[in-house]
Structure formats: C-alpha cells, structure tokens
1. Below 14 angstrom from the Cβ of residue 49, what's the summed charge of the other residues (Lys, Arg +1; Asp, Glu -1)?
2. Within the set of other residues whose C-beta is less than 13 Å from the C-beta of residue 103, count the net charge using Lys and Arg as +1 and Asp and Glu as -1.
3. What ranking do 71, 5 get, fewest neighbouring Cβ atoms within 10 angstrom at the top?
4. Under 15 Å Cα to Cα from residue 61, which aspartates and glutamates show up? Leave out anything in the same chain fewer than 8 places away.
Amino acid sequence: MPPTLSQLEQEKRDLLRTFSQLGDLRPGSITGIVRRCGKPTCHCAQPDDPGHGPNLRLTYKAQGKTISEALPTPIAVRKAEREIAESSSSSVMLSCKSTSNCAERVRSKRP
Ligand SMILES: [Zn+2]
C-alpha cells in the first residue's frame, strides 16, 4: 500500500529536522588565529604588522563542548581538512537527497 499524504508529510518533517541538526554533526572547522603577544617592543605591536601566525586550529564539538586542537604541521592541517570534507559532504549529500526525494513525493500526492 503506498504511503498517504500525511505519512509522507511526516517523513518530510522528520528529514527536515535531521537536516536542521546537521550543523552539529560536522566534525569541525579550521580556523586561523593571528596573535599579538602584547610586548610593546615586538614587531606585532606596530599597527600595520600582520602579527604572529596564523596558528591554525581545528575546532569541533564533542559532548556539547567546543574543543580546539592545534594543527602544528601542514600534514596535520591536510589531514583535518580531508576529515572535515569527507564527513560533512557525505552526511549533507545524503540528507539533501532524501529530503528532496521526499518533497517530490509529497508534491506528487497533492491534489
Ligand atoms: Zn609579538
């Protein structure tokens, strides 16, 4: 028996809820922090100096807490970039695809 319109609408609502929560599932992002050490004699005290760094860090959420990890080497940066790209693209693509499939089915059922 094919699903009813209200079943499909419920399915779409569930998918959209999942989709709206995806932001937290992403394992993180890479941020660059340019630092000023605060010593008045240091080059970074000059207004047009770019400062120290940037120090790249991987920031992600785990158990409700934001965790920031240093990425000290270019190899660590590349590894983090790859991990973020893999997990975010696969889960976003999957959710996007099933949401639009479901929306399509709801549209086709509408009178
Ligand atoms: Zn400095």
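Values in this text are rule-based calculations from the coordinates and carry no lab data. In this text, all values refer to a predicted model and were calculated from it rather than measured experimentally. Because the Cβ atoms are built from the backbone with ideal geometry, glycine has one as well, and the counts that use them run over all protein chains shown.
1. Details: positive: 35, 36, 39; negative: 48.
Overall, the nearby charge balance is +2.
2. On the way: positive: 12, 13, 97, 105, 107, 109, 110; negative: 9, 11, 14, 104.
That sum, taken over residues with Cβ under 13 Å, equals +3.
3. Numbers: 71 19, 5 13.
Least to most surrounded, the residues fall as 5, 71.
4. Filter leaves 24, 69, 83.
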